[in-house]
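One structure is given below, encoded as structure tokens.
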Amino acid sequence: MAELAVARSELILGGQKSGKTARAEALAAAWLARSPAHRAVYIATAQAWDEEMRERIARHRRDRALRVPAMETVEEPLELVRAIGAHSRADTLVVVDCLTLWLTARLLPVDALQALPAPDDELIERAVAAAAGPLVLVSNEIGLGVIPMGRESRAFVDALGRLNQQAARACERVTLMAAGLPLPLKGQS
């Protein structure tokens, strides 16, 4: 099997259970294998608002610890740009999983009074440009299905589509995952 190449920045898109996180973890493992001086940090954006999500997060932690035991996990559902800046170094690959849940926490929080403004049009592009080491962003591609019935749902799909476009512009490589297979959209896989 060919060695997995790590780009300076990569956006990994796909549907639920498409293999997005597995690719991000494989990139982190490849980065760590290249040098004992390399580090990897996983920035998790999920929040456990119900029992099913708590179980899902716990399962992801266990699985990630088995697949990439040397990768540190940091949980940051809101202050993503600050977290990228705090952990990004030339010797450190940072994985953000995922932009979709980060945007959800900002625009559709459980407590509607805590809604934050949508990220500005260049926020992710500035974060990618400022990263000192490799950066892998994971996001869902949810705009391929039917148009949602509700106004809030349509607004969220639109906002995520804009965010994904911003990230794709900023990243050196963009990969679409489908059925566990990486489909290069930009750059080389």
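The values are calculated or read from the model by the stated rules, or taken from the named source; none is laboratory data. What you see is a predicted model, and the numbers here were worked out from it, not measured in a lab. So basically every Cβ, Gly included, is an ideal-geometry build from the backbone, and we count neighbours across all protein chains shown.
If the condition is being assigned to a strand (DSSP E or B) and among the β-branched types (Val, Ile, Thr), then the stretch 80-111 contributes 92, 94, 95, 96.
To keep it simple, each residue is scored yes or no on (1) within 20 Å of residue 175 (Cα to Cα); (2) surrounded by fewer than 18 Cβ atoms within 10 Å (Cβ to Cβ).
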residue	(1), (2)
7	yes, no
10	yes, no
17	yes, yes
28	yes, no
61	no, yes
70	no, yes
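Within the stretch 134-152, residues that are modelled with pLDDT of 95 or more have Cβ atoms under 7 Å from residues that are part of a loop (DSSP other than H, G, I, E, B) and among the β-branched types (Val, Ile, Thr) in these pairs: 134/6, counting only partners at least 6 apart in sequence or on another chain. Of the residues in the stretch 45-64, at least one is in contact with a Lys or Arg (Cβ under 8 Å, 6 or more places away or on another chain) and not polar (S, T, N, Q). Of everything in the stretch 55-79 that's free of Cβ contacts under 8 Å to residues at least 12 places away in the same chain and part of a helix (DSSP H, G or I), which residue is farthest from residue 23 (Cα to Cα)? Result: 55. When residue 153 is tested against (1) polar (S, T, N, Q); (2) surrounded by 15 or more Cβ atoms within 10 Å (Cβ to Cβ); (3) out of contact with any Asp or Glu (no Cβ under 6 Å at 6 or more places or on another chain), only condition (2) is not met.
Only one of the numbered conditions (1) crowded, with 21+ Cβ neighbours inside 10 Å; (2) hydrophobic (A, V, I, L, M, F, W, C); (3) touching a strand residue (DSSP E or B) at 6+ places or on another chain (Cβ under 7 Å) is violated by residue 132, and that is (1).
Out of curiosity, is residue 5 over 21 Å from residue 159 (Cβ atoms), of a type in the set (Gly, Ala, Ser) and either in a helix (DSSP H, G or I) or touching an Asp or Glu at 6+ places or on another chain (Cβ under 8 Å) (or both)? Taking the combined requirement at face value, the residue does not satisfy it.
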